[in-house]
Amino acid sequence: MDKREVYLDNSATTKLDEDVLEAMMPYFTEYYGNSLSQYGFSRKCAQAVDDARYSVAKAIDCKPVEVYFTSCGSEANSWAVRGGALSGRKRGSHVILSKIEHPSIMNSGKWLTQNGFDVTYLDVDKYGMVHEDELRKAIREDTVLISIMLANNEIGTIQNIPALAAIAHANGIVFHTDCVQAMGLIDVNVKKLGVDMLTISAHKFYGPKGVGVLYVRSGLIIDRLINGGGQERGMRGGTTNTPLIVGMGVAIEKAVTETDTNAAKITLMRDRMIERIKNEIPDVILNGHPRQRLPSNVNFAFNYIEGESILMRLDLEGIAVSSGSACSSGSLEPSHVLLATGLPVERAHGSIRFSIGKHNTMEDIDYTVDKLKVIIAQLREMSPLYKPQDRVKEV
Ligand SMILES: *Cc1c(COP(=O)(O)O)cnc(C)c1O
(Lines give C-alpha, C1' and ligand atoms only; values in the text may rest on other atoms or scores of the structure.)
Protein backbone atom coordinates (compact mmCIF):
# COMPACT_ATOMS: atom_id res chain seq x y z
CA MET A 1 0.00 0.00 0.00
CA ASP A 2 1.34 3.42 -0.95
CA LYS A 3 1.81 6.06 1.68
CA ARG A 4 -1.06 8.53 1.75
CA GLU A 5 -1.70 11.90 3.35
CA VAL A 6 -4.78 11.46 5.49
CA TYR A 7 -6.13 14.43 7.41
CA LEU A 8 -8.42 13.21 10.19
CA ASP A 9 -8.28 16.28 12.42
CA ASN A 10 -11.20 18.26 11.03
CA SER A 11 -12.40 19.17 14.53
CA ALA A 12 -9.14 21.08 15.02
CA THR A 13 -9.58 22.99 11.77
CA THR A 14 -10.73 22.44 8.18
CA LYS A 15 -9.31 23.20 4.75
CA LEU A 16 -10.40 26.58 3.40
CA ASP A 17 -12.63 26.18 0.32
CA GLU A 18 -11.15 27.65 -2.88
CA ASP A 19 -14.27 29.66 -3.74
CA VAL A 20 -14.36 31.11 -0.22
CA LEU A 21 -10.76 32.26 -0.66
CA GLU A 22 -11.60 33.76 -4.04
CA ALA A 23 -14.51 35.70 -2.56
CA MET A 24 -12.23 37.08 0.15
CA MET A 25 -9.25 38.10 -2.00
CA PRO A 26 -10.52 41.43 -3.43
CA TYR A 27 -11.17 42.67 0.12
CA PHE A 28 -7.50 42.23 1.01
CA THR A 29 -6.26 44.08 -2.04
CA GLU A 30 -8.69 46.17 -4.06
CA TYR A 31 -11.43 47.04 -1.55
CA TYR A 32 -9.31 47.76 1.50
CA GLY A 33 -11.41 50.62 2.82
CA ASN A 34 -12.59 50.93 6.40
CA SER A 35 -16.18 49.75 6.28
CA LEU A 36 -17.26 52.51 8.68
CA SER A 37 -15.93 55.37 6.56
CA GLN A 38 -18.41 57.75 4.97
CA TYR A 39 -17.07 57.98 1.41
CA GLY A 40 -17.89 55.95 -1.66
CA PHE A 41 -14.56 54.10 -1.62
CA SER A 42 -15.65 52.15 1.47
CA ARG A 43 -19.22 51.57 0.44
CA LYS A 44 -18.44 48.23 -1.21
CA CYS A 45 -16.83 47.04 2.02
CA ALA A 46 -19.79 48.08 4.13
CA GLN A 47 -22.11 46.36 1.68
CA ALA A 48 -20.03 43.15 1.77
CA VAL A 49 -20.15 43.10 5.59
CA ASP A 50 -23.92 43.66 5.50
CA ASP A 51 -24.30 40.79 3.03
CA ALA A 52 -22.24 38.46 5.23
CA ARG A 53 -24.26 39.46 8.29
CA TYR A 54 -27.41 38.64 6.35
CA SER A 55 -26.00 35.25 5.30
CA VAL A 56 -25.16 34.36 8.90
CA ALA A 57 -28.60 35.50 10.11
CA LYS A 58 -30.31 33.41 7.45
CA ALA A 59 -28.16 30.37 8.28
CA ILE A 60 -28.92 30.36 12.02
CA ASP A 61 -32.44 31.84 11.70
CA CYS A 62 -32.02 35.19 13.47
CA LYS A 63 -32.08 38.90 12.59
CA PRO A 64 -28.96 40.52 11.09
CA VAL A 65 -28.79 42.93 14.08
CA GLU A 66 -28.41 39.93 16.36
CA VAL A 67 -25.15 38.89 14.65
CA TYR A 68 -21.86 40.15 16.14
CA PHE A 69 -18.61 39.38 14.31
CA THR A 70 -15.65 38.47 16.51
CA SER A 71 -12.04 37.40 15.90
CA CYS A 72 -12.74 33.71 16.63
CA GLY A 73 -14.93 31.22 18.46
CA SER A 74 -12.83 31.62 21.59
CA GLU A 75 -13.53 35.36 21.68
CA ALA A 76 -17.26 34.81 21.17
CA ASN A 77 -17.32 32.23 23.99
CA SER A 78 -15.29 34.44 26.34
CA TRP A 79 -17.55 37.39 25.57
CA ALA A 80 -20.76 35.41 26.13
CA VAL A 81 -19.64 33.99 29.47
CA ARG A 82 -17.88 37.04 30.92
CA GLY A 83 -20.18 39.62 29.39
CA GLY A 84 -23.31 37.62 30.17
CA ALA A 85 -22.27 37.11 33.79
CA LEU A 86 -21.13 40.71 34.37
CA SER A 87 -24.33 42.19 32.95
CA GLY A 88 -26.34 39.96 35.29
CA ARG A 89 -24.40 40.93 38.38
CA LYS A 90 -27.20 43.04 39.83
CA ARG A 91 -29.38 39.94 39.90
CA GLY A 92 -26.80 37.47 41.15
CA SER A 93 -23.33 36.03 40.82
CA HIS A 94 -23.83 32.34 40.07
CA VAL A 95 -23.03 30.77 36.70
CA ILE A 96 -23.51 27.18 35.48
CA LEU A 97 -21.24 25.50 32.90
CA SER A 98 -20.75 21.84 32.04
CA LYS A 99 -17.58 19.90 32.86
CA ILE A 100 -16.89 19.22 29.18
CA GLU A 101 -16.84 22.73 27.70
CA HIS A 102 -14.13 24.03 25.35
CA PRO A 103 -11.14 25.65 27.13
CA SER A 104 -12.40 29.11 26.09
CA ILE A 105 -15.49 28.51 28.27
CA MET A 106 -13.67 26.63 31.06
CA ASN A 107 -11.08 29.38 31.40
CA SER A 108 -13.76 32.08 31.32
CA GLY A 109 -15.32 30.20 34.24
CA LYS A 110 -11.98 30.40 36.03
CA TRP A 111 -11.86 34.14 35.35
CA LEU A 112 -15.35 34.55 36.79
CA THR A 113 -14.33 32.69 39.96
CA GLN A 114 -11.33 35.01 40.35
CA ASN A 115 -13.72 37.95 39.96
CA GLY A 116 -16.26 37.19 42.63
CA PHE A 117 -18.57 34.76 40.85
CA ASP A 118 -19.55 31.29 41.93
CA VAL A 119 -19.35 28.72 39.13
CA THR A 120 -20.98 25.27 39.14
CA TYR A 121 -19.66 22.72 36.65
CA LEU A 122 -22.33 20.16 35.76
CA ASP A 123 -21.39 16.48 35.75
CA VAL A 124 -21.97 14.44 32.61
CA ASP A 125 -22.74 10.72 32.31
CA LYS A 126 -20.35 8.15 30.82
CA TYR A 127 -21.44 9.18 27.32
CA GLY A 128 -20.82 12.87 28.02
CA MET A 129 -24.50 13.80 28.34
CA VAL A 130 -25.70 16.55 30.67
CA HIS A 131 -28.88 15.44 32.45
CA GLU A 132 -31.82 17.80 32.87
CA ASP A 133 -32.15 16.86 36.55
CA GLU A 134 -28.54 17.84 37.18
CA LEU A 135 -29.22 21.26 35.71
CA ARG A 136 -32.43 21.70 37.72
CA LYS A 137 -30.57 20.81 40.92
CA ALA A 138 -27.75 23.25 40.17
CA ILE A 139 -30.00 26.27 39.58
CA ARG A 140 -30.07 28.78 42.44
CA GLU A 141 -31.89 32.03 43.20
CA ASP A 142 -28.80 33.95 42.12
CA THR A 143 -28.02 32.03 38.90
CA VAL A 144 -27.67 34.51 36.03
CA LEU A 145 -26.13 32.50 33.18
CA ILE A 146 -25.91 28.94 31.87
CA SER A 147 -23.57 27.85 29.06
CA ILE A 148 -23.67 24.31 27.65
CA MET A 149 -22.25 23.32 24.27
CA LEU A 150 -24.37 21.73 21.53
CA ALA A 151 -21.71 19.27 20.33
CA ASN A 152 -18.47 18.38 22.07
CA ASN A 153 -15.20 18.84 20.20
CA GLU A 154 -13.45 15.79 21.68
CA ILE A 155 -16.08 13.06 21.95
CA GLY A 156 -18.77 14.46 19.64
CA THR A 157 -21.63 14.08 22.13
CA ILE A 158 -24.70 16.14 21.17
CA GLN A 159 -26.73 17.63 24.05
CA ASN A 160 -30.47 18.14 24.17
CA ILE A 161 -30.12 21.94 24.12
CA PRO A 162 -33.83 22.79 23.57
CA ALA A 163 -34.71 20.97 26.83
CA LEU A 164 -31.82 22.50 28.79
CA ALA A 165 -32.54 26.03 27.50
CA ALA A 166 -36.22 25.63 28.41
CA ILE A 167 -35.22 24.85 32.01
CA ALA A 168 -33.05 27.96 32.08
CA HIS A 169 -35.86 30.14 30.76
CA ALA A 170 -38.43 28.69 33.17
CA ASN A 171 -36.11 30.11 35.84
CA GLY A 172 -35.47 33.43 34.11
CA ILE A 173 -31.83 32.59 33.32
CA VAL A 174 -29.90 33.52 30.16
CA PHE A 175 -28.69 30.50 28.11
CA HIS A 176 -25.63 30.38 25.83
CA THR A 177 -24.50 27.47 23.64
CA ASP A 178 -21.20 26.81 21.84
CA CYS A 179 -22.11 25.48 18.36
CA VAL A 180 -18.62 25.69 16.86
CA GLN A 181 -18.41 21.93 16.18
CA ALA A 182 -22.03 21.55 15.17
CA MET A 183 -22.24 24.15 12.39
CA GLY A 184 -22.22 22.48 8.98
CA LEU A 185 -22.80 18.99 10.36
CA ILE A 186 -26.13 19.23 12.18
CA ASP A 187 -28.91 21.83 12.26
CA VAL A 188 -27.92 25.03 14.09
CA ASN A 189 -31.01 27.20 14.50
CA VAL A 190 -31.39 29.71 17.34
CA LYS A 191 -35.19 29.40 17.36
CA LYS A 192 -35.28 25.61 17.44
CA LEU A 193 -32.53 25.52 20.05
CA GLY A 194 -34.31 28.26 22.00
CA VAL A 195 -31.10 29.97 23.12
CA ASP A 196 -30.22 33.60 23.94
CA MET A 197 -26.62 33.44 22.75
CA LEU A 198 -24.76 31.13 20.37
CA THR A 199 -21.17 30.83 19.10
CA ILE A 200 -19.81 29.69 15.72
CA SER A 201 -16.38 29.89 14.05
CA ALA A 202 -15.72 29.91 10.27
CA HIS A 203 -12.59 27.73 10.20
CA LYS A 204 -14.53 24.73 11.50
CA PHE A 205 -16.74 24.74 8.39
CA TYR A 206 -14.21 25.31 5.58
CA GLY A 207 -14.02 29.07 6.07
CA PRO A 208 -11.01 31.18 7.16
CA LYS A 209 -9.36 31.09 10.58
CA GLY A 210 -9.74 34.25 12.65
CA VAL A 211 -13.44 35.04 12.41
CA GLY A 212 -16.31 33.99 14.64
CA VAL A 213 -19.84 35.07 15.43
CA LEU A 214 -21.68 35.61 18.67
CA TYR A 215 -25.45 35.65 18.25
CA VAL A 216 -27.09 37.75 20.95
CA ARG A 217 -30.89 37.78 21.08
CA SER A 218 -32.21 41.32 20.63
CA GLY A 219 -33.29 42.77 23.95
CA LEU A 220 -30.46 41.03 25.77
CA ILE A 221 -27.66 43.46 26.70
CA ILE A 222 -24.32 41.98 27.73
CA ASP A 223 -21.15 43.77 28.86
CA ARG A 224 -18.48 44.50 26.24
CA LEU A 225 -15.31 42.45 26.14
CA ILE A 226 -13.44 44.68 23.66
CA ASN A 227 -13.77 48.44 23.91
CA GLY A 228 -13.26 50.53 20.83
CA GLY A 229 -15.10 52.64 18.29
CA GLY A 230 -18.65 52.17 17.19
CA GLN A 231 -18.12 48.86 15.40
CA GLU A 232 -20.72 46.10 15.73
CA ARG A 233 -23.29 48.62 16.98
CA GLY A 234 -20.93 49.76 19.72
CA MET A 235 -20.71 46.29 21.24
CA ARG A 236 -17.40 45.02 19.88
CA GLY A 237 -14.59 47.43 19.05
CA GLY A 238 -11.94 46.89 16.39
CA THR A 239 -11.77 47.91 12.73
CA THR A 240 -14.07 45.60 10.82
CA ASN A 241 -12.16 42.66 9.30
CA THR A 242 -13.92 42.81 5.94
CA PRO A 243 -12.10 39.97 4.09
CA LEU A 244 -12.54 37.44 6.88
CA ILE A 245 -16.15 38.43 7.44
CA VAL A 246 -16.79 37.99 3.70
CA GLY A 247 -15.21 34.53 4.02
CA MET A 248 -17.50 33.71 6.96
CA GLY A 249 -20.53 34.76 4.90
CA VAL A 250 -19.71 32.61 1.88
CA ALA A 251 -18.58 29.64 4.01
CA ILE A 252 -21.78 29.64 6.09
CA GLU A 253 -24.01 29.76 3.01
CA LYS A 254 -22.17 26.72 1.66
CA ALA A 255 -22.21 24.98 5.05
CA VAL A 256 -25.99 25.25 5.23
CA THR A 257 -26.57 24.05 1.64
CA GLU A 258 -24.11 21.18 2.09
CA THR A 259 -25.06 20.06 5.63
CA ASP A 260 -27.25 17.13 4.63
CA THR A 261 -24.99 15.73 1.89
CA ASN A 262 -21.80 16.22 3.90
CA ALA A 263 -23.32 14.75 7.05
CA ALA A 264 -24.62 11.70 5.17
CA LYS A 265 -21.28 11.01 3.53
CA ILE A 266 -19.27 11.63 6.70
CA THR A 267 -21.60 9.48 8.83
CA LEU A 268 -20.98 6.47 6.55
CA MET A 269 -17.23 6.88 7.04
CA ARG A 270 -17.63 7.34 10.79
CA ASP A 271 -19.75 4.23 11.17
CA ARG A 272 -17.40 2.10 9.10
CA MET A 273 -14.44 3.30 11.11
CA ILE A 274 -16.13 2.61 14.45
CA GLU A 275 -17.24 -0.86 13.32
CA ARG A 276 -13.85 -1.82 11.97
CA ILE A 277 -11.95 -0.64 15.05
CA LYS A 278 -14.38 -2.43 17.40
CA ASN A 279 -14.22 -5.66 15.39
CA GLU A 280 -10.57 -5.74 14.45
CA ILE A 281 -8.73 -4.27 17.46
CA PRO A 282 -9.14 -5.89 20.89
CA ASP A 283 -9.43 -3.97 24.19
CA VAL A 284 -10.83 -0.70 22.89
CA ILE A 285 -13.52 1.59 24.32
CA LEU A 286 -15.59 3.97 22.20
CA ASN A 287 -15.56 7.35 23.95
CA GLY A 288 -18.69 9.48 23.64
CA HIS A 289 -22.29 8.58 22.90
CA PRO A 290 -23.15 5.62 20.66
CA ARG A 291 -25.94 7.55 18.88
CA GLN A 292 -26.18 11.21 20.02
CA ARG A 293 -22.91 11.90 18.27
CA LEU A 294 -21.49 14.25 15.63
CA PRO A 295 -21.26 12.60 12.19
CA SER A 296 -17.55 13.46 12.12
CA ASN A 297 -16.38 12.10 15.46
CA VAL A 298 -14.59 8.82 16.23
CA ASN A 299 -12.84 8.66 19.62
CA PHE A 300 -11.38 5.48 21.09
CA ALA A 301 -9.41 4.54 24.17
CA PHE A 302 -6.80 1.94 23.24
CA ASN A 303 -6.01 0.21 26.50
CA TYR A 304 -2.45 -0.41 27.72
CA ILE A 305 -0.77 2.21 25.50
CA GLU A 306 -0.20 5.96 25.23
CA GLY A 307 -2.19 8.11 22.82
CA GLU A 308 0.93 10.19 22.17
CA SER A 309 2.79 7.10 20.89
CA ILE A 310 -0.13 6.15 18.63
CA LEU A 311 -0.30 9.72 17.32
CA MET A 312 3.41 9.77 16.48
CA ARG A 313 3.29 6.39 14.75
CA LEU A 314 0.22 7.43 12.71
CA ASP A 315 2.04 10.64 11.80
CA LEU A 316 4.87 8.56 10.32
CA GLU A 317 2.25 6.95 8.07
CA GLY A 318 0.97 10.36 6.96
CA ILE A 319 -2.15 10.29 9.15
CA ALA A 320 -3.07 13.39 11.21
CA VAL A 321 -5.17 12.87 14.38
CA SER A 322 -5.47 14.23 17.93
CA SER A 323 -4.69 12.47 21.20
CA GLY A 324 -6.58 12.32 24.49
CA SER A 325 -4.88 15.51 25.51
CA ALA A 326 -6.44 17.21 22.47
CA CYS A 327 -6.77 20.99 22.45
CA SER A 328 -4.12 21.31 25.11
CA SER A 329 -1.47 19.62 23.01
CA GLY A 330 2.01 20.19 24.29
CA SER A 331 0.67 19.51 27.75
CA LEU A 332 0.45 15.95 28.97
CA GLU A 333 -2.59 16.67 31.08
CA PRO A 334 -5.26 14.11 30.28
CA SER A 335 -8.35 15.56 28.63
CA HIS A 336 -10.79 17.11 31.13
CA VAL A 337 -13.61 15.90 28.86
CA LEU A 338 -12.58 12.23 28.96
CA LEU A 339 -12.02 12.42 32.74
CA ALA A 340 -15.49 13.96 33.17
CA THR A 341 -17.01 10.88 31.48
CA GLY A 342 -15.39 8.76 34.18
CA LEU A 343 -12.57 7.35 32.07
CA PRO A 344 -9.56 6.49 34.27
CA VAL A 345 -6.48 8.67 33.71
CA GLU A 346 -4.47 5.94 31.92
CA ARG A 347 -7.32 5.26 29.49
CA ALA A 348 -7.77 8.96 28.81
CA HIS A 349 -4.04 9.02 28.00
CA GLY A 350 -4.55 6.13 25.59
CA SER A 351 -7.30 7.88 23.63
CA ILE A 352 -7.28 9.13 20.05
CA ARG A 353 -9.76 11.42 18.28
CA PHE A 354 -10.27 10.94 14.57
CA SER A 355 -12.41 13.73 13.08
CA ILE A 356 -13.68 13.18 9.55
CA GLY A 357 -14.34 15.95 7.02
CA LYS A 358 -15.95 16.39 3.63
CA HIS A 359 -12.68 15.79 1.77
CA ASN A 360 -12.05 12.37 3.31
CA THR A 361 -12.82 9.14 1.45
CA MET A 362 -13.56 5.54 2.44
CA GLU A 363 -10.02 4.72 1.26
CA ASP A 364 -8.67 7.15 3.88
CA ILE A 365 -10.67 5.34 6.54
CA ASP A 366 -9.55 1.87 5.46
CA TYR A 367 -5.93 2.94 5.12
CA THR A 368 -6.05 4.43 8.63
CA VAL A 369 -7.62 1.38 10.27
CA ASP A 370 -5.18 -0.96 8.48
CA LYS A 371 -2.21 1.04 9.76
CA LEU A 372 -3.77 1.45 13.20
CA LYS A 373 -4.17 -2.32 13.67
CA VAL A 374 -0.47 -2.89 13.10
CA ILE A 375 0.59 0.08 15.24
CA ILE A 376 -1.60 -0.89 18.20
CA ALA A 377 -0.36 -4.49 18.10
CA GLN A 378 3.28 -3.38 17.99
CA LEU A 379 2.90 -0.80 20.76
CA ARG A 380 1.14 -3.31 22.98
CA GLU A 381 3.94 -5.82 22.48
CA MET A 382 6.30 -3.21 23.90
CA SER A 383 3.93 -2.15 26.69
CA PRO A 384 4.71 -3.37 30.21
CA LEU A 385 0.98 -3.06 30.97
CA TYR A 386 -0.15 -5.50 28.31
CA LYS A 387 -0.93 -9.12 29.32
CA PRO A 388 1.15 -8.96 32.52
CA GLN A 389 0.37 -12.64 33.35
CA ASP A 390 2.04 -13.87 30.14
CA ARG A 391 5.09 -11.80 30.88
CA VAL A 392 5.41 -13.28 34.35
CA LYS A 393 5.41 -16.77 32.77
CA GLU A 394 8.12 -15.78 30.31
CA VAL A 395 10.39 -14.69 33.17
C1 LIG B 1 -12.51 25.25 17.83
C2 LIG B 1 -13.52 25.44 18.91
C3 LIG B 1 -13.66 26.67 19.57
C4 LIG B 1 -12.73 27.83 19.32
O5 LIG B 1 -12.89 28.41 18.07
P6 LIG B 1 -11.65 29.30 17.52
O7 LIG B 1 -12.23 30.05 16.38
O8 LIG B 1 -10.60 28.31 17.11
O9 LIG B 1 -11.21 30.17 18.63
C10 LIG B 1 -14.64 26.80 20.51
N11 LIG B 1 -15.46 25.77 20.82
C12 LIG B 1 -15.35 24.57 20.22
C13 LIG B 1 -16.31 23.50 20.58
C14 LIG B 1 -14.38 24.37 19.25
O15 LIG B 1 -14.27 23.18 18.68
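The values are calculated or read from the model by the stated rules, or taken from the named source; none is laboratory data. Predicted model, so just to flag it, every value in this text is computed and none were measured. Because the Cβ atoms are built from the backbone with ideal geometry, glycine has one as well, and the counts that use them run over all protein chains shown. These area figures cover heavy atoms from the full protein model, side chains too; ligands, DNA and RNA do not enter into them. Shrake-Rupley method; radii C 1.70, N 1.55, O 1.52, S 1.80 Å.
Of 226, 277, the residue with the largest accessible area leads and the full order is 226, 277 (1.4 Å probe). Measuring with a 1.4 angstrom probe and ignoring ligands and nucleic acids, residue 41 comes out at about 100 Å² accessible.
Placing +1 on the Cβ of every Lys and Arg and -1 on the Cβ of every Asp and Glu, with no other charges, gives the chain a dipole of roughly 820 debye about its Cα centre. What angle, in degrees between 0 and 90 and rounded to the nearest 10, separates the Cα long axis of helix 43-60 from the longest principal axis of the Cα atoms of the chain? The helix 43-60 is inclined about 50 degrees to the chain. Between the Cα long axis of helix 242-280 and the first principal axis of the chain there is an angle of about 20°, rounded to the nearest 10.
Just the protein heavy atoms count here, and of the accessible area of the stretch 177-301 at 1.4 Å, carbon and sulfur take up 52 percent.
Assuming a ≥ b ≥ c are the square roots of the Cα gyration tensor eigenvalues, decide whether the chain counts as rounded (a/c under 1.5), prolate (otherwise, with a/b larger than b/c) or oblate. Because a/c hits 1.5 or more and a/b fails to exceed b/c, the chain counts as oblate. Relative to the dominant Cα principal axis of the chain, helix 103-114 is inclined by about 70°. Averaging the Cα positions of each part gives two centres, and for the stretch 228-272 and the stretch 151-178 these lie 21 Å apart.
Between residue 50 and residue 308, the FRET efficiency estimated from the beta carbon spacing at R0 = 56 angstrom works out to 0.75.
Could you do me a favour and compute the accessible area per residue for the stretch 18-255, 1.4 Å probe, result in Å²? Value returned for the stretch 18-255: 40 Å² of accessible area per residue.
Using the rule -39500 (n - 2.57) for each DSSP H run of four or more residues, divided by the residues of the chain, the 222 nm mean residue ellipticity is -12000 deg cm²/dmol. A Förster radius of 41 Å combined with the Cβ-Cβ distance from residue 125 to residue 19 puts the calculated FRET efficiency at roughly 0.50. Summarising the amide proton neighbourhood of residue 9: residues at separation of 5 or more, or on other chains, whose placed amide H is nearer than 5 Å comprise 355. Residue pairs exceeding 30 angstrom between C-alpha atoms, taken from 3/254; 278/358; 90/254; 44/254; 265/371: 3/254; 90/254. Farthest towards the positive end of the charge dipole of the stretch 18-255, among the residues 67, 230, 146, is the Cα of 230, using unit charges on the Cβ of Lys, Arg, Asp and Glu.
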